[in-house]
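For reference, the structure is listed below as C-alpha cells.
The values are calculated or read from the model by the stated rules, or taken from the named source; none is laboratory data. Everything numeric in this text was worked out from a predicted model, so none of it was measured. Please note: Cβ atoms are built from the backbone with ideal geometry, for glycine as well, and neighbour counts cover all protein chains shown.
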Amino acid sequence: MKKPRNILTIRGLDDAIIARLKARARTKGRSLEADLRDLLTHTSRQPLVLDALSEADRIATMTPGAQ
C-alpha cells in the first residue's frame, strides 16, 4: 500500500498568475500540477543564498589579515 502524498494548498493567487502558470505548463505539454510539482522540487534542491553568504563569511574570518 502506497503512503498518501501530502497536499499543499496555496490561497490568494491572482487569476493572472494562475493563467500564466497554466500557459507555462501547456508549453511543456504538462498539467499545471505536474509543472508546479517539478518547479517546487527543483527549487527545494537549490542552495539558499543565506547559506552561501554565511559560508563566505566563515571563510573570510579564516583569511589572514581579515578584520
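Summary of computed values
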{"read-out": "Candidate set: region 1-29, residues that are touching an Asp or Glu at 6+ places or on another chain (Cβ under 8 Å) and among the charged types (D, E, K, R); chosen: the one surrounded by the most Cβ atoms within 10 Å (Cβ to Cβ)", "value": "R24"}
{"read-out": "Positions within region 1-44 being of a type in the set (S, T, Y) and at pLDDT 95 or above, in sequence order", "value": "T27, S31"}
{"read-out": "Count - residues of region 35-55 that are under 8 Å from the mean Cα position of the chain (by Cα) and not small (G, A, S)", "value": "7"}
